[in-house]
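The structure under discussion appears below in the form of structure tokens.
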Amino acid sequence: MLLAMTKWRNMKNITDYTIEELKFVLADHPAFRAEQIFKWLSQGVDFDGMSNIPAALKEKLKADYHSAALKIYKQIKSSDKSVKLLYSLNDGNIIEGIFIPQSYGNSLCVSTQAGCRMGCKFCASHIDGLSRNLTAGEIYSQVIQINKTFPSTPVSKIVLMGSGEPLDNYYNTTKFIKIITDPKGLNFSQRNISLSTCGLVDKIIKLADENYSVNLSLSLHATSDETRKSLMPIAKKFSLKETIDAVKYYFNKSGRRVAIEYLLIKGVNNTHFDAKRLKELLSGFACHVNLIMLNHVPESNLLPCTKQDAEKFLKWLTDMKLSATIRKSAGSETASACGQLRGKFVGQNKP
């Protein structure tokens, strides 16, 4: 029994493979088989359900590969119709996401790592550290499982903003983008994919140089190096100037307007002076500021500002002709923000 379980956990996830990699794996079979299997996998169909695949090939695949990289472990529905999700990976790790059905498009926030090592003070994802990077197929499978579970409202927008720093897992994140945008699969447009980063400058530049055109979101959250260092350890490696220069470079290479994520934290970053410095920092390129009401993390001493303070800060920005809105928070009543639900689960199940 133990040997069987060990073998099962050590099997590879076939969703990790691009079509070209599948063709290599299936070199003894006609090339079109790889395309057929890739298409079936994009629809969430397991090996047994692949009706046009020979039985002998299906049995061989079942012996060596998982057809699904994860399963939905738990769903929690919120009054705003968003659905918080815990996924169980094949090695027992738990990750989380949130599905937000809306009239103008159904968004899925996906995780790119189990845990996180960035250490941002306002985020719960890092509290238990980084367990490991997710593979491209594990990121992809979050989308597949949602489409399979909610067939009447398939995912139309993907936000790489769940647990983990996407650019800290650069290889698998960009491979996921290649897989999900393949015309023979889900055929997503990069314009419908948003990638949020805390500011890994070298990886932002690499993303631009490799000609990606996903929507880039920068988690900024401060208008001075001193304040940003107190909130985000990454600021000790990259200055505000280096970070803003990198996103400007991405904008100039991709032509895609950059989103600036700005958490409003009481007594830390919500003064009129902060608003003026934000305007100065962001001059010279197309961007939009998403003001975010902080979801309080019990392990942190940071506190949210009031709705009135948020609206005041927004008015300061708009009066200065800076494009900005207060972002609606989805699912906060279900401990959805910043790794909190996964953190609860991990904490409750520690030996």
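So is Gly105 within 18 Å of Ser194 (Cβ to Cβ), assigned by TED's automatic domain parsing to the domain that holds Leu302, in a loop (DSSP other than H, G, I, E, B) and in contact (Cβ under 8 Å) with a residue 40 or more places away in the chain or not? First the steps, then the outcome.
Working: within 18 Å of Ser194 (Cβ to Cβ): yes; assigned by TED's automatic domain parsing to the domain that holds Leu302: yes; in a loop (DSSP other than H, G, I, E, B): yes; in contact (Cβ under 8 Å) with a residue 40 or more places away in the chain: yes.
Yes; evaluated as a whole, the condition is true for this residue.
Given the residues Lys203, Lys236, Lys184, which is the only one that is free of Cβ contacts under 8 Å to residues at least 12 places away in the same chain and among the charged types (D, E, K, R)?
Just a single option satisfies the conditions, and that option is Lys236.
If a residue has to be touching a residue at least 60 places away in the same chain (Cβ under 8 Å) and surrounded by 15 or more Cβ atoms within 10 Å (Cβ to Cβ) to count, how many in segment 65-79 make the cut?
6
How many residues does segment 110-143 hold that are in a strand (DSSP E or B), in contact (Cβ under 8 Å) with a residue 40 or more places away in the chain and touching a Cys at 6+ places or on another chain (Cβ under 7 Å)?
The initial filter retains those residues of segment 110-143 that are in a strand (DSSP E or B), namely 110, 113-115, 130-133.
Restricting the remaining residues to those that are in contact (Cβ under 8 Å) with a residue 40 or more places away in the chain gives 110, 113-115.
Applying the additional criterion that residues be touching a Cys at 6+ places or on another chain (Cβ under 7 Å) yields none.
Matching residues across segment 110-143 total 0.
Is it the case that segment 211-223 has a residue that's in the same structural domain as Leu278 (by TED's automatic domain parsing) and either acidic (Asp, Glu) or without any contact (Cβ under 8 Å) to a residue 12 or more places away in the chain (or both)?
No, that holds for no residue.
Does segment 167-175 contain any residue that is surrounded by 19 or more Cβ atoms within 10 Å (Cβ to Cβ) and among the basic types (Lys, Arg)? Working first, answer last.
Taking segment 167-175 first, the residues surrounded by 19 or more Cβ atoms within 10 Å (Cβ to Cβ) are 167-169, 172-175.
Within this subset, residues satisfying the condition of being among the basic types (Lys, Arg) are 175.
Scanning segment 167-175, I find at least one residue that is surrounded by 19 or more Cβ atoms within 10 Å (Cβ to Cβ) and among the basic types (Lys, Arg), so the answer is yes.
Go through (1) out of contact with any strand residue (DSSP E or B) (no Cβ under 7 Å at 6 or more places or on another chain); (2) closer than 24 Å to Ile205 by Cα for Cys287 and report which single condition fails.
For Cys287, the exception is condition (1).
Taking segment 207-224 as the region of interest, how many residues are of a type outside the set (A, V, I, L, M, F, W, C), outside any loop (DSSP other than H, G, I, E, B) and surrounded by 16 or more Cβ atoms within 10 Å (Cβ to Cβ)?
3
Give Lys62, Lys39, Lys58 a once-over and let me know the one that is within 25 Å of Ile146 (Cα to Cα) and surrounded by fewer than 17 Cβ atoms within 10 Å (Cβ to Cβ).
Criteria check complete, one pass: Lys62.
Criterion first (more than 24 Å from the chain's Cα centre (by Cα) and at negative phi) does Ala68 satisfy it?
No: the conditions fail for Ala68.
When only residues in segment 271-298 that are of a type outside the set (Ser, Thr, Tyr), modelled with pLDDT under 95 and assigned to a loop (DSSP other than H, G, I, E, B) count, which is farthest from Ser219 (Cα to Cα)?
Pro298
Residues Ser103, Ser131, Ser125: which one is hydroxyl-bearing (Ser, Thr, Tyr) and either farther than 26 Å from Ile234 by Cβ or over 18 Å from the mean Cα position of the chain (by Cα) (or both)?
On the way: Ser131 fails: either farther than 26 Å from Ile234 by Cβ or over 18 Å from the mean Cα position of the chain (by Cα) (or both); Ser125 fails: either farther than 26 Å from Ile234 by Cβ or over 18 Å from the mean Cα position of the chain (by Cα) (or both).
Testing whether each residue is hydroxyl-bearing (Ser, Thr, Tyr) and either farther than 26 Å from Ile234 by Cβ or over 18 Å from the mean Cα position of the chain (by Cα) (or both) leaves just Ser103.
Considering only residues that are of a type in the set (A, V, I, L, M, F, W, C), over 23 Å from Met232 (Cα atoms) and assigned to a loop (DSSP other than H, G, I, E, B), which ones fall in segment 299-322?
Passing the criteria: Met320, Leu322.
The values are calculated or read from the model by the stated rules, or taken from the named source; none is laboratory data. This is a predicted model, so every value here is computed, not measured. Quick reminder, even Gly has a Cβ in these numbers, built from the backbone with ideal geometry, and neighbours come from all protein chains shown.
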